[in-house]
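Structure record follows, encoded as structure tokens.
The values are calculated or read from the model by the stated rules, or taken from the named source; none is laboratory data. Keep in mind it's a predicted model, so treat the numbers as computed, not measured. Please note: Cβ atoms are built from the backbone with ideal geometry, for glycine as well, and neighbour counts cover all protein chains shown. Surface areas here come from the heavy atoms of the whole protein model, side chains and all, with no ligands, DNA or RNA. Shrake-Rupley method; radii C 1.70, N 1.55, O 1.52, S 1.80 Å.
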Amino acid sequence: MKEHERAEEPELEEEIAEAPSSFTATADAIVMSPSEAKPSPEVAAYLAAQTKLLGVQSEHMHEQRELQLEHLRVRRWRERLQIGLQLLLWTVAALIISGIAALALWAMHDESLVIQPLKAPPMLVAQGLDGSVLAAKLLDGVKTLQGQASSARAPNTMKGAAEDDIKVEIPETGISVGELLKYLRAWLGHEAQVTGEVYLDGPNVVVTVRAGEEPGKSFSGPREDLDHLMDQASEAVFAATQPYLYAVYLNAHGRGSESLKVARELAISGPLKERGWAYAHWANLLLHEGDDAGAAVRARQALGYNPALVTAENNLGVAEWNLSHDEAAFRARKRALDLIRPGRPANVTIAAADQFRVSFEEAVDEAVGDYGAAATLSRRQMELPDYADDVAEASVSISDDLALDHDVAAARAALTRAQLTDDAAVLKYLVSDGDHVLPYANLDSALGDWGDAVADLQGADAWMAANEPDASDFRRRRLEPQLALALARTGRLAEAEALIGDTPLDCVACLIARGQIAALENRPGATDPWFKAAVKAAPSLPKPYLAWGVALLERGDATGAANLARQAAQRGPRFADAYVLQAEASLREGAYGAARAQLERANRYAPAWGRMHLLWGEAFLHDGQGSLARAQFNQAAGLALSMADQSRLQQDLKRR
């Protein structure tokens with residue numbers, strides 16, 4: 001190892017010799033004094049100088065670092081500021097573009113009615129009736145007529161020309177916001193400009209108005225009749241600019257033939273966007289005339305032009321229900337309900353949308369037998385702002401729903417509050433316009449009072465024949481099947497056969513009544529085909545299955561009755577009658593536990609049904625649970641029961 005070190009020493013000495021003299025001297029000093037505890041003075045001085053130099057360099061480098069960091073910070077903030085300014089400029093540009101696009105879109109859909117100042121003679125100007133005042137009178141007249149047209153459709157916006165005079169100027173353009181809006185509407189919109197003049201013609205004054213490019217209409221009369229002439233001019237402007245609402249207005253004021261003429265012309269030759277509305281109004285007029293088949297045709301034509309037209313679906317649903325096309329009516333109500341659910345755009349006013357929504361939900365619930373929910377919806381409907389007497393209809397429908405839910409006491413109380421004493425009074429108030437027209441007959445049927453039911457139905461039939469001769473479809477398809485069944489249940493089978501035999505075969509209520517009457521006559525070969533046809537005509541609804549099941553149970557086929565009751569419950573999960581029929585079938589077969597479970601479920605939906613509690617008590621009684629049976633019998637005794645069920649209750653109590 002030492003030999004190796006000595007071999008390298010000459011190389012080291014050569015490198016030192018080539019170094020600067022100061023470094024060499026220092027190195028020599030270090031080499032020559034390797035064993036000294038302290039360096040020599042030269043080494044110490046050199047080290048001190050080098051240390052000072054390193055300190056200066058370090059301080060300089062630190063200052064440079066700080067300067068560089070500060071520079072980087074400034075550059076970073078400058079870049080951020082530039083990016084922020086660019087984002088701001090892009091945002092402003094986007095807002096400007098979005099604003100212009102929104103204004104353009106608004107202008108494209110603008111259908112405002114703008115009434116320009118009318119030209120007026122100096123004599124009227126001197127009396128304070130200049131062009132602006134006359135235009136304001138014309139505008140007020142049109143607004144009055146528009147307010148008298150009770151329609152679900154929202155009216156067009158109306159304004160005077162001065163209302164658009166916004167003076168705020170757009171920078172560096174030389175135009176105002178009002179001028180820009182007018183330009184966009186003139187270019188993209190469908191604004192209706194109304195112009196005109198008032199001038200003197202001898203002793204008379206003439207008022208002329210024109211809408212858009214249409215020829216003007218003139219109205220002449222004595223000068224003192226200027227207000228009447230302005231009213232006539234307002235009606236002319238209303239008819240020319242809002243023909244659909246004008247047709248509604250005419251019908252509301254007893255001018256039905258004029259209304260039909262306007263609607264027909266608008267439907268056949270009007271603008272495409274108006275034809276759906278016109279056909280819908282045409283359908284509504286036919287409904288009030290009792291032509292339900294014609295109304296259904298026109299409603300479908302309306303939907304052909306505008307599939308999202310809620311009023312057309314509503315008219316179609318009413319027409320199909322009046323015709324007893326129950327499946328079609330149910331589907332129309334469901335489509336209408338889907339069109340007007342909260343959050344979806346609707347083409348009707350807010351008040352109409354709220355009423356429609358509740359009305360459609362109620363009709364769907366009634367179709368599947370959920371009468372308790374339907375009655376709740378009718379109460380809610382009475383709390384909403386009135387639209388087209390829907391609140392009045394709700395007061396009748398509450399009673400009808402409660403009767404069909406077997407809550408007889410509450411149903412009678414509702415009719416008493418409505419001050420309607422019989423079905424004829426109901427019909428006078430609400431003629432074939434919806435699902436609720438015969439609540440008293442339904443009450444009689446719920447109690448098995450078939451004699452009273454016959455009297456009520458015959459009175460209603462006679463009233464409609466005398467007062468509503470056009471409503472023959474409704475009488476034959478809704479009222480007379482119910483009357484025929486009531487006649488059959490009182491033993492007047494020949495009359496029942498004659499009446500039901502005259503009803504059409506595309507009528508679900510008629511098919512069900514034919515099957516029920518055949519069952520009462522103990523003709524099973526005729527019974528089942530009628531019920532099968534009813535099920536085929538209304539496969540989504542529970543009532544045909546239920547009626548068929550009841551007939552099978554009366555025939556002694558408990559298994560077949562239970563199967564049909566289950567199918568009814570599948571289509572109407574809240575239909576109490578379906579569970580009661582299942583329970584009766586279970587009682588016949590001795591399945592008392594199953595019967596109790598089915599009756600407990602029925603109790604959720606029809607808790608005030610006396611017969612249901614009677615059967616529940618019998619299920620407990622057969623199972624040896626006397627105290628629970630007594631509780632159900634007591635509950636049944638406090639509710640409405642038919643005479644047959646009252647007798648049955650007394651027998652059950654004796655058996656206990």
Inset, instruction - Give me a count of the residues in segment 549-580 that are hydrophobic (A, V, I, L, M, F, W, C), open to solvent by less than 50 Å² (accessible area, probe 1.4 Å) and over 35 Å from the mean Cα position of the chain (by Cα). - result: 6
Inset, instruction - Output yes when any residue across segment 274-286 is over 24 Å from ARG477 (Cα atoms), in contact with a Pro (Cβ under 8 Å, 6 or more places away or on another chain) and open to solvent by 10 Å² or more (accessible area, probe 1.4 Å), and no when none is. - result: yes
Inset, instruction - Identify the single condition in (1) within 27 Å of HIS288 (Cβ to Cβ); (2) open to solvent by 20 Å² or more (accessible area, probe 1.4 Å) that ALA494 does not satisfy, given that it satisfies every other one. - result: (1)
Inset, instruction - Evaluate the following for GLY317: is it open to solvent by 50 Å² or more (accessible area, probe 1.4 Å) and small (Gly, Ala, Ser)? - result: no
Inset, instruction - Of the numbered conditions (1) open to solvent by 40 Å² or more (accessible area, probe 1.4 Å); (2) closer than 30 Å to VAL408 by Cβ, ASP338 fails exactly one; give the number of that condition. - result: (2)
Inset, instruction - Select, from PRO41, PRO20, PRO10, the only residue that is loosely packed, with under 10 Cβ neighbours inside 10 Å and at pLDDT 75 or above. - result: PRO41
Inset, instruction - Please enumerate the residues belonging to segment 502-547 that are part of a helix (DSSP H, G or I) and acidic (Asp, Glu). - result: ASP528
Legend entry - Test for TYR605: is it under 22 Å from ALA644 (Cβ atoms), out of contact with any strand residue (DSSP E or B) (no Cβ under 7 Å at 6 or more places or on another chain) and at pLDDT 95 or above: no
Legend entry - Test: residue in segment 220-228 that is in contact with a helix residue (DSSP H, G or I) (Cβ under 7 Å, 6 or more places away or on another chain) and either aromatic (Phe, Trp, Tyr) or buried (at least 17 other Cβ atoms within 10 Å of the Cβ) (or both): no
Inset, instruction - Give the residue, chosen from GLU66, GLU79, GLU42, GLU70, that is in contact with a helix residue (DSSP H, G or I) (Cβ under 8 Å, 6 or more places away or on another chain) and of a type outside the set (S, T, N, Q). - result: GLU42
Legend entry - Every residue from segment 619-629 that is part of a helix (DSSP H, G or I) and either open to solvent by 10 Å² or more (accessible area, probe 1.4 Å) or within 19 Å of SER445 (Cα to Cα) (or both): PHE620, LEU621, HIS622, GLY626, SER627, LEU628
Inset, instruction - Assess whether SER269 counts as being open to solvent by 50 Å² or more (accessible area, probe 1.4 Å) and polar (S, T, N, Q). - result: yes
Inset, instruction - Determine which member of the set ARG76, ARG65 is open to solvent by 90 Å² or more (accessible area, probe 1.4 Å), among the charged types (D, E, K, R), modelled with pLDDT of 80 or more and farther than 30 Å from VAL205 by Cβ. - result: ARG76
Inset, instruction - Would you point out the residue of segment 354-386, among those that are open to solvent by less than 30 Å² (accessible area, probe 1.4 Å) and without any contact (Cβ under 8 Å) to a residue 24 or more places away in the chain, that is farthest from the chain's Cα centre (by Cα)? - result: SER378
Legend entry - Conditions (1) open to solvent by less than 10 Å² (accessible area, probe 1.4 Å); (2) more than 37 Å from the chain's Cα centre (by Cα): number failed by CYS507: (2)
Inset, instruction - Test SER259 against the criterion of being polar (S, T, N, Q), part of a helix (DSSP H, G or I) and closer than 20 Å to ALA278 by Cα, and give yes or no. - result: yes
Inset, instruction - Would you mind telling me which numbered condition in (1) assigned to a loop (DSSP other than H, G, I, E, B); (2) at negative phi LEU285 fails? - result: (1)
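Only one residue in VAL133, VAL114, VAL125 is at pLDDT 75 or above, surrounded by 10 or more Cβ atoms within 10 Å (Cβ to Cβ), in contact with a Lys or Arg (Cβ under 7 Å, 6 or more places away or on another chain) and closer than 30 Å to GLU235 by Cα. Which one?
Exactly one of VAL133, VAL114, VAL125 is at pLDDT 75 or above, surrounded by 10 or more Cβ atoms within 10 Å (Cβ to Cβ), in contact with a Lys or Arg (Cβ under 7 Å, 6 or more places away or on another chain) and closer than 30 Å to GLU235 by Cα, namely VAL114.
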Legend entry - Of all residues making up segment 234-256, the number that are surrounded by 23 or more Cβ atoms within 10 Å (Cβ to Cβ) and not in a helix (DSSP H, G or I): 1
